[in-house]
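I have placed the structure first, in the form of structure tokens, so that the comments after it can refer back to it.
The values are calculated or read from the model by the stated rules, or taken from the named source; none is laboratory data. Predicted model, so just to flag it, every value in this text is computed and none were measured. Note that each Cβ is placed from the backbone with ideal geometry, even for glycine, and that neighbours are counted across all protein chains shown. These area figures cover heavy atoms from the full protein model, side chains too; ligands, DNA and RNA do not enter into them. Shrake-Rupley method; radii C 1.70, N 1.55, O 1.52, S 1.80 Å.
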Amino acid sequence: MKSETAKRPKGQSYPLKSSKLEEVLASAGVSIDVYLIRSPGPLFDAFFWPPNPNVPYERLYVRAGSVPIEQAADARREIEATALPKLAQWIARILAADRKSSLRREQQVLVFWRRK
């Protein structure tokens, strides 16, 4: 897994830990190139990118935002209990599809929340 983490604004925390994302995907038997970007603000989504002429392999791109420090523990519990299992199921379903299916040939998006 590759990741990049932007500097957090004062009073903010990143509730998604890269180690937990790796653990959940491994437990689900998911093997895919993963890129995690953590940046300030309310954001959590994931993109499946199929191979293309520039990148010959499938990728999972996860973007996760920050929350106020006082909400971090609750947000982390919610992410780990609900969002990460849903993410693992979603990407496992895509990877289980035939390589010729549109599900696996086209970009797919899973949105938990986005900036407003």
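Per residue, the stretch 2-110 exposes 56 Å² of solvent-accessible protein surface, assessed with a 1.4 angstrom probe and all protein chains in place. A simple count of charges around LEU16, restricted to other residues whose Cβ falls under 14 Å of its Cβ and scoring Lys, Arg +1 and Asp, Glu -1, yields +1.
With all protein chains in place and a 1.4 Å probe, the accessible surface of the stretch 2-110 carries 50 percent carbon and sulfur.
Helix content alone sets the calculated 222 nm mean residue ellipticity of the chain: runs of n ≥ 4 DSSP H residues at -39500 (n - 2.57) each, divided across all residues, give -9000 deg cm²/dmol. The lysine pair count for the chain, using Cα distances under 27 Å and pairs eight or more places apart or on different chains, is 16. In order along the stretch 13-22, phi translates into HN-Hα couplings of 9, 9, x, 8, 9, 4, 5, 6, 4, 4 Hz, rounded to whole numbers, per the Karplus curve 6.51 cos²θ - 1.76 cosθ + 1.60 with θ = phi - 60° and x for Gly and Pro.
Each Cα pair under 8 Å and six or more residues apart adds its sequence gap; the mean of these over the residue count of the stretch 2-110 is a relative contact order of 32 percent. A simple count of charges around PRO40, restricted to other residues whose Cβ falls under 9 Å of its Cβ and scoring Lys, Arg +1 and Asp, Glu -1, yields +3.
Toward the positive end of the charge dipole of the stretch 2-110, with +1 on the Cβ of Lys and Arg and -1 on the Cβ of Asp and Glu, the farthest Cα among ASN52, ALA81, SER3 is that of ASN52.
Among the chymotrypsin sites (Phe, Trp or Tyr not before Pro) in the stretch 57-112, those located in a DSSP loop and surrounded by at most 11 other Cβ atoms within 10 Å of their own Cβ are TYR57. Here the Gaussian network model covers the chain, with springs between Cα atoms less than 10 Å apart; of ILE37, ILE69, ILE79, ILE69 fluctuates the most.
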